[in-house]
Amino acid sequence: GAVLSGHGPRPVRAHRGTQLHTLGWQQEGALRMLQNNLDPEVAEHPDELVVYGGTGKAARDWASYDALVRTLHTLKGDETMLVQSGRPVGVMQTHEWAPRVLLANSNLVGDWANWDEFRRLEQLGLTMYGQMTAGSWIYIGTQGILQGTFETFAAVAAQRFGGTLAGTITLTGGLGGMGGAQPLAVTMNGGVAICVDVDPSRIARRLEHRYLDVEARSLEHALELATEARDARRALSIGLLGNAADIFPRLLAMSAPIDIVTDQTSAHDPLAYLPLEHTMDDWHAARERDPIGFAAAARQSMARQVEAMVGFQKAGAEVFDYGNNIRTEALAAGFADAFAFPGFVPAYIRPLFAQGKGPFRWAALSGDPKDIAATDRAVLELFPDNENLQRWIPMAQQRVHYQGLPARICWLGCGERDVAGERFNDMVASGELSAPVAIGRDHLDSGSVASPYRETEAMKDGSDAIADWPLLNALVNTASGATWVSIHHGGGVGIGRSIHAGQVVVADGTALAGQKVQRVLTNDPGMGVIRHIDAGYDEGEGVVAKHGVRIPMREG
Ligand code: NAD
């Protein structure tokens with residue numbers, strides 16, 4: 001039994017330094033990144049193995065976690081561990097080019113792919129919710145979404161507000177693991193943000209990590225602080241304790257001067273969204289007592305919030321869905337106009353995806369911030385003409401608080417990621433970096449996800465729900481030498497609504513790792529380019545020409 005043999009919650013932290021606890025750096029990379037996902041500095045609810053995004057977990061239960069660690073300790077360089085929804089289920093003899101770990105999380109057969117069935121199976125201990133980077137061990141804290149959020153708000157500024165958010169007020173909900181990036185992303189663009197969350201501990205955490213500037217005492221106080229800063233064209237982020245389903249309609253009724261509205265509460269999972277009729281204190285008990293009634297109440301509240309968002313849109317504000325599927329839930333609760341505003345991908349991000357760009361990231365397995373500083377210098381040197389990157393890195397160095405192992409996020413595309421990765425591998429080989437680097441990305445990337453309410457919403461050719469692409473992505477990463485590869489279902493927008501894949505490759509300074517890094521970091525973003533060209537987007541044409549991406553239907 002799990003409890004009897006002492007497999008219980010305890011603080012987990014990744015090993016630091018150059019001493020191995022496994023038989024090689026590829027395995028060590030997987031071990032440290034698994035541990036890092038559960039570091040209390042990194043994970044939102046580490047005792048429950050929950051990393052972020054509602055109930056996104058790194059391991060199914062503590063006994064599984066112990067078995068994962070135990071197995072990684074003895075895994076050989078030509079073996080592969082298989083992980084089924086957070087539990088190690090086998091070790092196979094493979095070869096040194098094969099991944100050390102293959103993971104499949106939360107996958108269900110189509111007709112069974114809904115939250116109710118998922119929860120039934122989860123209760124039986126048969127599955128877990130892997131979200132995107134929780135179950136695939138490459139979550140790096142709130143920074144992981146920060147640049148994407150920054151780019152999104154920069155695109156809003158460019159399209160609507162003359163290139164800056166100075167002099168504007170943004171209203172949003174959710175200060176969790178991902179949503180917590182919003183205040184900093186808005187202030188980095190010069191704007192004012194009012195961020196509503198029901199959980200005081202989330203507001204405190206963002207204040208502590210300097211993602212959030214101040215907390216307001218009341219709604220009136222928040223508005224006062226916001227308008228004052230806006231009039232002075234000063235950047236300021238304001239946390240406001242409250243329920244978004246209550247605060248949003250109240251602000252609308254007051255005709256509050258809001259310019260931009262979005263939301264990042266955990267609306268993808270109705271049990272992770274607090275309905276109006278419940279309080280923080282009875283949240284857990286209430287959803288356990290009656291999950292179906294609780295979910296219905298949460299949907300009703302989401303409908304209230306989305307109705308207010310549409311109201312703001314009618315009043316002239318820029319309104320968008322920030323990838324939590326709140327429109328679908330509001331529609332299910334009977335609010336017919338829920339899809340009046342667009343999702344952020346078709347509105348702002350798709351041209352980047354079409355060039356294979358997306359949330360590329362790396363973590364220093366040494367634990368030494370100096371290693372990230374060195375990689376920062378290297379990418380600035382490698383891409384002098386990439387203006388966003390030249391602007392982003394110094395800002396990140398100044399403003400980003402590391403959680404767990406030092407890491408960096410940076411939106412690089414096809415033709416750039418492999419160059420950066422190979423440089424990092426050379427830096428490990430030469431001793432310029434004190435230990436290897438784990439290089440990966442979010443599943444929210446250009447060629448790795450099918451998600452019709454988010455990443456693949458409104459594709460030009462109507463291919464939104466075609467899920468062959470993420471599966472091919474996982475296969476090609478496996479065939480190219482990634483260190484671990486994952487296939488997940490339900491991340492971001494919830495069970496039944498997405499299929500996506502991830503990869504991480506460990507640059508350990510060997511010649512073999514150099515080859516793997518080159519192939520993986522070319523082929524992985526290359527998938528994004530061919531997926532978008534196939535759907536009729538032409539932003540990737542330059543990449544195809546420059547980097548020799550082959551598209552058979554155009555040849556012969
Ligand atoms: P999280 O669970 O860590 O945080 C959610 C927050 O919402 C919590 O702090 C919670 O207290 C708060 N909340 C719940 N109900 C509320 C209500 N009624 N009013 C106000 N606050 C409420 O989740 P996260 O990791 O921050 O992710 C948030 C959402 O964003 C998820 O749906 C996730 O799938 C989605 N997401 C979007 C992107 C993107 O790029 N846009 C990326 C990853 C995740």
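In the chain, taking the dipole from charged Cβ atoms about the Cα centre, the farthest positive-side position among TYR139, ALA181, THR164 is held by TYR139.
Here LYS370 is the anchor, and the aspartates and glutamates within straight C-alpha reach of less than 18 Å, apart from those fewer than 8 places off in the same chain, are GLU381, ASP426, GLU432, ASP508. The trypsin sites (Lys or Arg not before Pro) found in region 180-272 that occupy coil by DSSP, while having at most 16 further C-beta atoms within 10 Å, are ARG210, ARG217, ARG233, ARG234. Bridges between two residues of region 143-341, per DSSP, are antiparallel at a rate of about 0%. Relative to one another, the C-alpha centroids of region 155-198 and region 408-483 are positioned 26 Å apart.
Evaluate the charge dipole of region 54-197 about its Cα centre and quote only its size in Debye, nearest 20, assuming +1 on the Cβ of each Lys and Arg and -1 on the Cβ of each Asp and Glu. Intermediate results must be reported in sequence, preceding the final value.
On the way: 9 positive and 11 negative charges, 29 e Å.
Dipole about the Cα centre, nearest 20: 140 debye.
Under 12 Å from the Cβ of ALA435, count the other residues' Cβ atoms, weight Lys and Arg +1, Asp and Glu -1, and hand me the total. Result for the neighbourhood of ALA435: -2.
Rounded to whole Å, the principal axis extents of the Cα atoms in region 155-269 read 35, 30, 26, largest first. Close amide H pairs (under 5 Å, H built 1.01 Å from N) link GLU215 with GLY239, residues at least 5 positions away or on another chain. The length gained by stretching the chain between ARG391 and SER218 to full extension, at 0.36 nm per residue less their Cα-Cα distance, is 58.8 nm. Here's how it looks for GLY135: its modeled amide H is under 5 Å from those of LYS57, which are all 5 or more places away or on a different chain.
Can you give the FRET efficiency for LYS76 and GLN19, using 1/(1 + (r/R0)^6), R0 = 22 Å, r = Cβ-Cβ distance, to the nearest 0.05? Write down the numbers at each step before the final one.
Details: r = 19 Å, r/R0 = 0.86.
Computed FRET efficiency for LYS76 and GLN19 comes out at 0.70.
Restriction of the trypsin sites (Lys or Arg not before Pro) in region 433-532 to DSSP coil positions whose beta-carbon has at most 15 other beta-carbons within 10 angstrom yields LYS460.
Here the gap between ASP426 and ALA232, fully extended at 0.36 nm per residue and compared with their Cα-Cα distance, gives a gain of 65.1 nm.
Between rounded, prolate and oblate, where does region 143-341 land on the alpha carbon gyration tensor, with a ≥ b ≥ c its root eigenvalues, rounded for a/c under 1.5, else prolate if a/b exceeds b/c? Since a/c reaches 1.5 and a/b is larger than b/c, the shape of region 143-341 is classed as prolate. Distance between the pseudo-spin-label points of MET92 and ALA285 (7 Å out from Cα toward the beta carbon): 4.8 nm.
In a fully extended conformation the segment linking GLU117 and LEU512 would gain 137.9 nm over its present Cα-Cα distance, using 0.36 nm per residue.
Taking a ≥ b ≥ c as the square roots of the eigenvalues of the Cα gyration tensor of region 1-111, is the shape rounded (a/c under 1.5), prolate (a/b larger than b/c) or oblate? Kindly include the intermediate steps, with their values, before the conclusion.
Working: a/c = 1.59, a/b = 1.17, b/c = 1.36.
Oblate, because a/c is 1.5 or more while a/b does not exceed b/c.
The magnitude of the dipole of the chain, with charges of +1 and -1 set on the Cβ of Lys/Arg and Asp/Glu and taken from the Cα centre, is near 560 debye.
Among beta bridges identified by DSSP and lying wholly in the chain, the antiparallel ones come to about 55 percent. By the scheme Lys and Arg +1, Asp and Glu -1, what is the net charge of all other residues having a beta-carbon under 12 Å from that of GLY358? With Lys, Arg at +1 and Asp, Glu at -1, the net is 0. Computed from backbone phi with θ = phi - 60° and the Karplus coefficients 6.51, -1.76 and 1.60, the 3J(HN,Hα) list for region 283-288 is 3, 5, 5, 5, 6, 6 Hz; x is used for glycine and proline. Summing -39500 (n - 2.57) over the DSSP H runs of n ≥ 4 in the chain and dividing by its residue number, what mean residue ellipticity at 222 nm do you reach, to the nearest 500 deg cm²/dmol? Per the formula, -12500 deg cm²/dmol.
Considering every Cα-Cα pair within the chain, what fraction, in whole percent, is farther apart than 33 Å? Please report the intermediate quantities before stating the final value.
Details: 57861 of 154290 pairs.
Everything past 33 Å amounts to 38 percent.
List the residues of region 101-128 whose backbone N lies under 20 Å from a point placed 7 Å from the Cα of LEU471 along the Cα-to-Cβ direction. Output list for this probe position: 102-114.
The numbers here are math on the coordinates, done by the rules we state, and not lab data. Note that the coordinates shown come from a computational prediction; the quantities given were computed from them, not determined experimentally. Cβ sites come from the backbone with ideal geometry, for glycine too, and all protein chains shown count toward neighbours.
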